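Everything below concerns the one structure shown next.
The values are calculated or read from the model by the stated rules, or taken from the named source; none is laboratory data. Predicted model only: the values in this text are computed from it and were never measured. Backbone-built Cβ (ideal geometry, glycine too); neighbour counts: all protein chains shown.
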Amino acid sequence: MEHKLTRGIVAFISVLIIVAAIAIMGYFFIFGDLFPVNKEKTEPVQKREVNALTLYHWWTSPGESAAIQSLITVFTKKYPDVAIVAAPVTGGAGFTMLPIVKTLVENGEAPDAFQMHAGYEAKPYLDAGLLDPIDYIWGSENLEQAIPKVIRDMLQFNGHYYAVPVDVHRVNVVWYNKKILSAHNINPDNITTWDDFFAACEKLRTAGVSYPVALGPTWTAAHAFEQILASQGIEFYEDFINGKISSADDQRLIKAFSTFERYITFANPDHATLREWDVANKRIINGESAFSIMGDWANAEFKLVGMTYGNEYGSFPVPGTNNMYGLSIDTFQHPKGVSHPTNSDRWLREVVSVEGQDTFNPIKGSIAARSDSDVTKYEGYQRLAIADFNSVRYMFPSIVHGSGGPSSLRLKLNEVAGIFSADPDVSFAAGSLADNFTKTIFEYTKTWSLR
Ligand code: GAL
C-alpha cells in the first residue's frame with residue numbers, strides 16, 4: 001500500500017517535471033535562445049544570398065545598349081537562375097551616373113558591380129575602404145599574363161587589384177562621313193595638322209555645309225578639348241595630368257585654347273542643348289556635318305546603322321596625335337558588402353574572359369583589354385585600332401573619362417570647356433585652369449610617366 005503510494009507520488013512528480021521542461025523549452029523556442037551568450041560563437045550568422053545581380057552602367061546609346069545586352073545574354077546563358085537587375089543611367093562619360101553610384105556605395109547600398117573607369121576614378125572608394133581587393137580573380141583567371149602592363153598599372157593600387165577591364169576605348173579619334181568629304185574633293189588621308197583640318201572645314205562651309213563639325217553636350221566639348229591638349233605633345237599632356245601647369249601664360253595652354261576656339265566656330269551652335277553625344281553623331285551619319293572628335297564608342301553607332309568603315313565612314317587620329325593612343329578603359333569591381341558577392345565575382349570573371357571581351361567589344365566599337373583575344377572577331381576600324389594599340393609610341397589616360405587626374409580636374413575641365421564653348425575667352429579659361437592646379441595640387445597623388 002505504502003509502496004503504491006510512493007510510486008504514485010514519483011509518477012506525479014515526473015509528469016510535473018516533464019510538463020515544466022516542455023513549457024520552459026517552448027518559451028525559449030518562441031521568445032529567445034536557450035543559451036544566448038554563446039550564440040555568436042556556436043552559430044555564425046549565414047548571409048543568405050538571393051540569386052540576383054545588380055549592375056549600374058551608362059551605356060544607353062543604341063550601340064552601347066546592344067553591347068551590354070550581348071554581355072548580359074552570355075552571362076544569363078551560363079547562369080540562367082540569376083536575375084540581372086541592370087540600371088542604365090543616361091549621361092555620357094558617366095557624368096550623371098557616377099555621383100549617383102558614389103552616394104549608394106558610401107551609404108552601404110552598393111550595387112554588385114558598376115561601370116567605373118580605370119585609374120584615378122577608383123581612388124575615392126579606395127581611400128574610404130569601399131572596394132574589396134580582387135587579387136583572387138586576377139590569380140585564378142591568369143590575368144597578369146593576358147592584360148597588357150599599361151592597363152594593369154591603371155588597375156593596381158598599393159599592390160592590389162580592385163577591378164577588371166571590360167574594354168579599351170581610344171579617345172583621340174576624328175570621325176567623318178566619307179560621302180560628304182568625297183563630294184567636296186577632300187581626301188581625309190591628307191589631314192594631318194590642325195591647319196589641314198580647318199582648311200577642310202572652311203572648304204565645306206564655303207560649299208554650303210553650315211556646320212562641318214558636329215558637337216554634343218558639355219562633356220563632349222571637354223572631350224574635344226582634351227584631345228587638343230594632347231595634340232600639344234606628350235610632354236605637355238604629361239605635365240598637365242601631373243598638375244604641373246601653374247601658369248596661365250603657358251604658351252602650350254594658350255595655343256590649345258586658340259585651336260579649340262577655331263574648332264568651336266565650325267560646330268553646330270545648338271551643341272549644349274543636345275541630349276547626348278550620339279545625337280551629334282547622328283548628324284555625321286545622316287550627312288548634316290562631316291567631322292566629330294569622339295571616342296571609338298562612336299564606331300558602334302555607324303556599324304549599327306549598317307555603314308561600312310572605309311566606304312561610308314572613316315576615322316583618323318586627332319591632328320598632332322598620330323603617334324598617341326588616348327585611353328578610356330571601362331572596368332567593373334567588387335564593392336564591399338554587396339548583397340550578392342558570388343554573382344558579383346561571376347560577373348567580373350565573365351566580363352574579363354576571352355568570351356566576354358570578344359562578345360562585347362566587337363559591338364561596342366572598342367578593342368579587347370586582353371592580348372589573347374580573337375582578332376578575327378573584329379573588323380574595319382577595330383583591326384586598325386588593334387594594330388595602333390600595339391604600335392603607337394605613347395599611351396595617355398583620358399581626364400574626361402576618369403583616368404588621368406583627380407575628379408577635381410575632370411570637373412574643372414568640363415566646366416571650363418562648357419563655358420568656353422559658349423563664350424570663348426582664352427585668357428580667362430587658361431587662368432581658370434592654372435588657378436585650379438595651384439589650389440588642388442595635393443590631390444595629384446600619382447605621377448604619370450608617359451614618355
Ligand atoms: C566613356 C566610356 C565608354 C562610353 C562613353 C560614352 O567614358 O568609357 O564606354 O560609354 O563614355 O558614354
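Helices (runs of 4 or more DSSP H) wholly in segment 100-182 with at least 1 residues that are without any contact (Cβ under 8 Å) to a residue 40 or more places away in the chain, surrounded by 19 or more Cβ atoms within 10 Å (Cβ to Cβ) and away from the ligand (no atom under 14 Å from the Cβ) - which ones?
135-140
Specify which of the listed residues (PHE389, PHE360) is under 23 Å from TYR237 (Cα atoms) and in contact (Cβ under 8 Å) with a residue 40 or more places away in the chain.
Only one candidate passes the filter, namely PHE389.
Of the residues that sit in segment 185-215 and are surrounded by 12 or more Cβ atoms within 10 Å (Cβ to Cβ) and of a type in the set (Val, Ile, Thr), which one is nearest to ALA417 (Cα to Cα)?
The qualifying residue nearest to ALA417 (Cα to Cα) is VAL213.
Of the residues that sit in segment 273-309 and are under 20 Å from SER70 (Cβ atoms) and surrounded by fewer than 21 Cβ atoms within 10 Å (Cβ to Cβ), which one is nearest to the chain's Cα centre (by Cα)?
LEU304
How about segment 229-272: which of its residues are hydrophobic (A, V, I, L, M, F, W, C), farther than 23 Å from GLY405 by Cα and surrounded by fewer than 19 Cβ atoms within 10 Å (Cβ to Cβ)?
ALA272
Out of (1) without any contact (Cβ under 8 Å) to a residue 24 or more places away in the chain; (2) surrounded by fewer than 18 Cβ atoms within 10 Å (Cβ to Cβ), the odd one out for GLU312 is which?
The number of the failed condition is (1).
Give ALA207, ALA230, ALA199 a once-over and let me know the one that is in contact with a Gly (Cβ under 8 Å, 6 or more places away or on another chain) and small (Gly, Ala, Ser).
ALA230
Any idea which of SER339, SER344 is outside any strand (DSSP E or B), crowded, with 22+ Cβ neighbours inside 10 Å, away from the ligand (no atom under 12 Å from the Cβ) and hydroxyl-bearing (Ser, Thr, Tyr)?
SER344 is the lone residue from the list that is outside any strand (DSSP E or B), crowded, with 22+ Cβ neighbours inside 10 Å, away from the ligand (no atom under 12 Å from the Cβ) and hydroxyl-bearing (Ser, Thr, Tyr).
At least 1 residues that are more than 16 Å from the ligand (Cβ to nearest atom) and at pLDDT 95 or above in each: list the helices (runs of 4 or more DSSP H) lying fully within segment 251-308 that qualify.
Hits in segment 251-308: 251-265, 277-285.
Scanning for something surrounded by 17 or more Cβ atoms within 10 Å (Cβ to Cβ), at pLDDT 95 or above and farther than 30 Å from GLY337 by Cα, does segment 53-65 turn up at least one residue?
Yes - at least one qualifying residue is present in segment 53-65.
Of the residues SER421, SER403, SER371, only one is in contact with a Leu (Cβ under 8 Å, 6 or more places away or on another chain) and outside any helix (DSSP H, G or I); which?
SER403
Count, please, the residues in segment 371-411 that happen to be hydrophobic (A, V, I, L, M, F, W, C) and away from the ligand (no atom under 16 Å from the Cβ).
Counting residues in segment 371-411 that are hydrophobic (A, V, I, L, M, F, W, C) and away from the ligand (no atom under 16 Å from the Cβ) gives 5.
Is it true that some residue in segment 286-293 is touching a His at 6+ places or on another chain (Cβ under 7 Å) and of a type in the set (Ser, Thr, Tyr)?
No: zero hits.
Say whether the condition of being touching a Ser or Thr at 6+ places or on another chain (Cβ under 8 Å) and surrounded by fewer than 24 Cβ atoms within 10 Å (Cβ to Cβ) is met by at least one residue in segment 361-369.
yes
Among the residues of segment 394-440, which ones are in contact with a strand residue (DSSP E or B) (Cβ under 7 Å, 6 or more places away or on another chain), of a type outside the set (S, T, N, Q) and more than 26 Å from THR265 (Cβ to Cβ)?
Within segment 394-440, TYR394, MET395, PHE396, PRO397, GLY402, GLY404 qualify.
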